[in-house]
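First the structure, in the form of C-alpha cells, and then the observations on it.
Readers should treat all values here as calculations from the given coordinates under stated rules, not as data from a laboratory. Not measured: the values here are computed from a predicted model. All Cβ positions, glycine included, derive from the backbone under ideal geometry; neighbour counts span all protein chains shown.
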Amino acid sequence: MGERMVDEILRVENLHVSVEGTPILNGVNLIINRGEIHAVMGRNGAGKSTLANVVMGHPAYVITEGSIFYKGQPLEELEVFERARAGMFLSFQYPASIPGVQVGTFLKKSVASVRDEPPKGRAFRKELNAAMEQLSMDKSFLSRYVNDGFSGGEKKRLEILQMLLLQPHLALLDETDSGLDIDALRIVAQGINEVAVNSGCLIITHYQRLLDLVKPDFVHAMIDGVIVRTGGPELALRLEDKGYEWLDVAA
Amino acid sequence: MSDETQEIIGDYRYGFHDPENSTIRFDKGLSEQVVRDISELKDEPEWMTEIRVKAFRHFTERVMPEWGNCDLLNMIDFENITYFLRSSDQTEKSWDDVPDDIKNTFDRLGIPEAEQKWLGGVTAQYESEAVYHSIREDLEEQGVIFLDMDSGLKQYPELVKKYFGTVIPHSDNKFSALNTAVWSGGSFLYIPKGVSVEMPVQAYFRINAKNMGQFERTLIIADEGSTVHYVEGCTAPSYSTDSLHSAVVELIAMEGAKIRYSTVQNWSSNVYNLVTKRAVAHKNATVEWVDGNIGSKLTMKYPSVLLKGEGAHAEVISVAYAGKGQHQDTGAKVHHLASNTTSNILSKSISKDGGRSSYRGLLQVTPKSTGCRSKVVCDALILDGGSRSDTYPTMEIGNSTSDLEHEASVSKVSSDQLFYLMSRGFTEDEAMGLIVNGFFEPFTRELPMEYAVELNKLLELEMEGSIG
C-alpha cells in the first residue's frame, strides 16, 4: 500500500467552495498521482481558477464541504507558506507585482525558504543562469522589480522560471498559456514537461494549443463548479471543436 | 526590568545603556545662567556667548508651534532635561584612548569597523560632546577641515563667525533658538575649492544618559566646485522617560559644489527629535538630503534647500517609519529663489501598529524665478487599521513659466501581494518585510551599501510578530 500512497500527490474529495458567500465549486473530485498531467478545461467562471487557488490556500476561498489532501495530509493543517515549503507551486494567472523588490533577490530568498538544501552563492547563480537560458530570459530580468511593469508574457516566463527553481511536487498552472506567442508557448511547455516528470501537474487552460505541446494524461471538463466529464487528450480536442453545449445537455 | 521598560524597548536593538559616568554634569533645567555656564566652560569668544544669550531670550519668549502634534510637543518638560553632560575630558584621535565603556558602545554600533572599511573621517559624539574624532590624512593634506563643532570654533573662529546662523537664524523657530542657546558638539566641515571627497565622512550621535538633551550643531561649507557626502547616524538607550534631541544643521554649497547629506535616524521611542536642517545652494550647486526616520517618539524635521543661484538643484529623498506610539512628522521644503533652478522631492512613509506619519511639504517659486522645474512625489503605505497617514503639501508658485508636478498616493498592502509571496514560501511576516523593503527601495538604493543592508534588516525586524 505504501507504494500507492507515496505516488498520490493530490486528492480532492467532494470539494465545495464559496467566495463571499457565493458557491463556486459544487463537489469536485480529483486524484493526481506523481508523473501525471491533468488538464482542467471549462468556460470563464466555471471554477477552474478557484480550484487552483483553493488548493494553494487563498484566504478568500472558503471550503464549505469536502477535503483536500496533499501526499495524504489534510491541507487545512498547512498555512500557505507551509504548502509552498512542502512542494506545492501555483503559477498565477495574474501574478502580483512587488515594486522595489528585485527579481534576483526574490528568487534567491524564495528558493532558500522552500528548498531543504538551497544552493549557495555560485551554485545558485549557475542554476539560475541555466534556467534562464532555457527560458530565453535575459539577465536584465534579475535587476527588475518583481512583475512590476512586466508584459503578460514576461510575467508567465517568470512564473515558469520560479517553477524550475523551486522544483515542486505539485504544479498548479493557472492559464499559464494565455498571453504567450507561439515561441514563448513552446519554451514554457518545455519547462512544464521537465517538471512534470517527477511531479503531479494540474494545467488550467481554455485552449488546445498548450496541450499539443504538453500531453495530458487526463482531461477534465468543468461546468458550474463540477467536473462533468473526464477523458484522455481526445476530450480536449472535442471541447476545442464543439464547445461545451453538448456537455450541458449531457449533464 | 519593569514591564513598562520592556514594553518600550520592544525589538529596538540599540536600547542598551552604559553606566552614567560624567566628568561634568549640569543640574537639570534651563536658565540664562546655564547658557552662560556652557559658553564659559567651553571658553568661547564673547560674540558666541552673546549669540547664545540672545537665542535663549528668544526661546523663552517664543511660543510652542501651534501645528504638528501639539499634544506631544506640550508634554516636553524643559525643566526635567540635562542640558550639558561631559563624559570624557577630551576628544581623542585614537579609539584606544576613548574611555572603555564609551568605546564599547561605539564598537557595538559598528563605528570603528565602518571607519576602517569605507569612511573618510568619523566624529563620534557621546552626550554633549565628541569623544572621538579622526580624518584620513590624505583629506587633511588637501585642506579638508573636519572637526567637531567646538574644536571648529576654537581653531577657525573667523570661518565659523562668518557662516554660523546665516542659513538658520536663531529666531527661525523655537527649537532653533533652543539649539543656538545651548548647542554643543556637532560637526564642522569645510571642503576647499575643487576638492572632491570620494569616501563619505560620518558623524555618529549617541545619547546615553536619562532625560538628556542633545543639541548638536553642524555647519558644512562646500567651496566652489567641491563635492562631499556626509553621513549621520544616531541611537539612544530605551528609557521610560523622555530625552530631547534638537539639532541645527546648516549647509552651504558654493557655486558648482555638491553636498549630499544622508541620515538614518534610529532613536529609541522615548526621544523627541526636533531638528532644523537647511541648505543654501548657490549657482549650479546641488544639495541632496537623503533622510531616513525610523525611530523616536516624535520627529519634526523638514530638510530644506534655498536655491539661491541660477541652475541650482535640490534633491530630497526621505522615508519615515511610524510604529507603535510614534509620530513621524517629516517632509521637505524647497525655495526656488533663482531662475532655472530644479528640484525633486520623493517622500515615502509607512505607518504600522497605530503609528502616525505626516508629510508636510513646502514648494515655493518666487515671481522672478522663471523656468523652474520641480517634481514632488509622496507615497504612503498603511499596514493596519489603527495607523494613520496625512499629507500637508503647500505650493506657492509665483510665475507661469515654471513647471511643477505633484503626485501623492496612499496604499495598503494587498492580499494578492501577500498571497503571492506566501505561495513562494515566505511567512506572512517575511512577506510584509519584503513589501516594506521594496517600498523604501528608492531611498535605500541611495544609501551607502552598509547602511542599506542595515536598514533592510531593521525593517524586517520591525515586521516580525506584527501580524496576528
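Order of B:ARG360, A:ARG238, B:ARG36 from fewest to most other C-beta atoms within 10 Å?
Least to most surrounded, the residues fall as B:ARG36, A:ARG238, B:ARG360.
Whole Å is fine, so just give me how far the alpha carbon centre of segment B:122-177 lies from that of segment A:210-250.
78 Å
Restricting to DSSP H runs of at least four residues, report the calculated mean residue ellipticity at 222 nm for chain B, -39500 (n - 2.57) per run over all residues, nearest 500 deg cm²/dmol. Working shown, then result.
Numbers: 13 runs with 122 residues, N = 468.
It comes out at -7500 deg cm²/dmol, rounded to the nearest 500.
Please list 3J(HN,Hα) in residue order for segment B:412-428, calculated via the Karplus relation 6.51 cos²θ - 1.76 cosθ + 1.60 where θ = phi - 60°; whole Hz, with x for glycine and proline.
10, 5, 7, 5, 5, 4, 4, 4, 4, 5, 5, 6, 9, x, 8, 5, 4
Specify which residue in the list A:PHE150, A:SER136, A:MET163 is farthest towards the positive end of the charge dipole of segment A:116-175, using unit charges on the beta carbon of Lys, Arg (+1) and Asp, Glu (-1), about the Cα centre.
A:SER136
Taking every DSSP beta bridge with both residues inside the protein assembly as shown, roughly what % is antiparallel (nearest 5)?
Given both bridge residues lie in the protein assembly as shown, the antiparallel proportion sits at roughly 20 percent.
Which one of B:PRO157, B:MET64, B:LEU119 has its Cα pushed farthest toward the positive end of the charge dipole of segment B:3-301, where Lys and Arg give +1 and Asp and Glu give -1 at the Cβ?
Farthest towards the positive end: B:MET64.
Under the 0.36 nm per residue contour assumption, what length would be gained going from the current alpha-carbon distance of B:ASP37 and B:GLU396 to full extension? Before the final figure, lay out the partial values.
Values: separation 359, 0.36 × 359 = 129.24 nm, distance 4.34 nm.
Using 0.36 nm per residue and subtracting the Cα-Cα distance, I get 124.9 nm.
Counting helices only, and only those DSSP H runs with n ≥ 4, report the 222 nm mean residue ellipticity of chain A as the sum of -39,500 (n - 2.57) divided by its residues, in deg cm²/dmol to the nearest 500.
Values: 10 runs with 98 residues, N = 251.
Mean residue ellipticity at 222 nm (helix-derived): -11500 deg cm²/dmol.
Determine the shielding of peptide B:431-442 by partner chains: average, over its residues, the number of Cβ atoms on other chains within 10 angstrom of each Cβ. List each step's numbers first, then the result.
Details: counts 3, 0, 1, 8, 5, 2, 4, 11, 4, 1, 5, 2.
Averaged over the peptide's residues, the number is 4.
Which one, A:VAL114, A:VAL228, A:CYS201, projects farthest toward the positive side of the charge dipole computed for segment A:93-251 from Cβ point charges (K/R +1, D/E -1)?
Of A:VAL114, A:VAL228, A:CYS201, it is A:VAL114.
When the Cα centres of segment B:33-69 and segment A:72-94 are compared, how far apart do they sit, in Å?
When both Cα centres are located, 64 Å separates them.
Take the residue pairs B:LYS103/B:LYS348; B:LYS162/B:LYS193; A:LYS109/B:LYS348 and return only those whose Cα atoms are more than 28 Å apart. Don't skip to the end; give the middle numbers.
On the way: B:LYS103/B:LYS348 35 Å; B:LYS162/B:LYS193 17 Å; A:LYS109/B:LYS348 25 Å.
Beyond 28 Å: B:LYS103/B:LYS348.
Quick check for you: which residues of segment B:221-241 have the amide N under 19 Å from the point 7 Å beyond the Cα of B:GLN155 toward its beta carbon?
Flagged as within label range: B:221-223, B:228-231.
Among A:LYS242, B:LYS54, A:LYS215, what is the fewest-to-most ranking by other Cβ atoms within 10 Å?
Ranked by crowding around the Cβ, least crowded first: A:LYS242, A:LYS215, B:LYS54.
Would you mind classifying the protein assembly as shown by shape? Square roots of the alpha carbon gyration tensor eigenvalues, ordered a ≥ b ≥ c; an a/c under 1.5 is rounded, otherwise it is prolate if a/b is larger than b/c and oblate if not.
Judged from the Cα gyration tensor, the protein assembly as shown comes out prolate (a/c at least 1.5, a/b above b/c).
Residue by residue through segment B:300-307, which ³J(HN,Hα) values in whole Hz follow from phi under the Karplus form 6.51 cos²θ - 1.76 cosθ + 1.60 (θ = phi - 60°), with glycine and proline marked x?
Using θ = phi - 60°, the values come out as 10, 7, 9, x, 10, 9, 9, 8 Hz.
Using the Karplus curve 6.51 cos²θ - 1.76 cosθ + 1.60 with θ = phi - 60°, what ³J(HN,Hα) values do you get for each residue of segment B:53-65, in whole Hz, with x for Gly and Pro?
5, 4, 5, 4, 4, 5, 4, 5, 7, 6, 7, 4, x
Kindly identify segment B:1-134 as rounded, prolate or oblate by the Cα gyration tensor criterion: order the square roots of the eigenvalues as a ≥ b ≥ c, call it rounded if a/c is under 1.5, otherwise compare a/b with b/c, prolate if a/b is larger, else oblate.
Verdict is oblate for segment B:1-134.
Suppose we keep just the alpha-carbon trace of segment A:1-147; what are its Rg and Dmax in angstrom?
Rg then Dmax for segment A:1-147, in Å: 17.8, 50.
Rg to Rh for segment B:80-152: what is it, with Cα atoms only and Rh by Kirkwood?
For segment B:80-152, the value is 0.99.
Arranged from highest to lowest average of other beta-carbon atoms within 10 Å per residue, in what order do the peptides B:331-342, B:161-172, B:67-78 appear?
Order by mean packing, descending: B:331-342, B:161-172, B:67-78.
Pull out a ≥ b ≥ c, the square roots of the eigenvalues of the alpha-carbon gyration tensor of segment B:3-301, then state rounded if a/c is under 1.5, prolate if not and a/b is larger than b/c, and oblate in the remaining case.
Taking the square roots of the gyration eigenvalues as a ≥ b ≥ c, segment B:3-301 is rounded.
What is the mean number of Cβ atoms from other protein chains located within 10 Å of the Cβ atom of each residue in peptide A:109-121, rounded to a whole number?
Taking all residues of A:109-121 together, the mean is 2.
Measure out, as a whole number of angstrom, how far apart the alpha-carbon centroids of segment A:132-162 and segment B:274-342 sit.
Going from one Cα centre to the other spans 37 Å.
About its Cα centre, what dipole magnitude does chain A give when the only charges are +1 on Lys and Arg Cβ and -1 on Asp and Glu Cβ, stated in debye to the nearest 20?
860 debye
Give me the percent of DSSP beta bridges within chain B that run antiparallel, rounded to the nearest 5.
Within chain B, antiparallel bridges account for around 10 percent of the total.
Tally the DSSP beta bridges in chain A and give the antiparallel ones as a percent, rounded to 5.
Around 60 percent antiparallel, to the nearest 5.
Once you've got the Cα coordinates, tell me which of B:LYS283/B:LYS333; B:LYS297/B:LYS412; B:LYS54/B:LYS93; B:LYS28/B:LYS93 are over 27 Å apart.
Long pairs (Cα-Cα over 27 Å): B:LYS54/B:LYS93; B:LYS28/B:LYS93.
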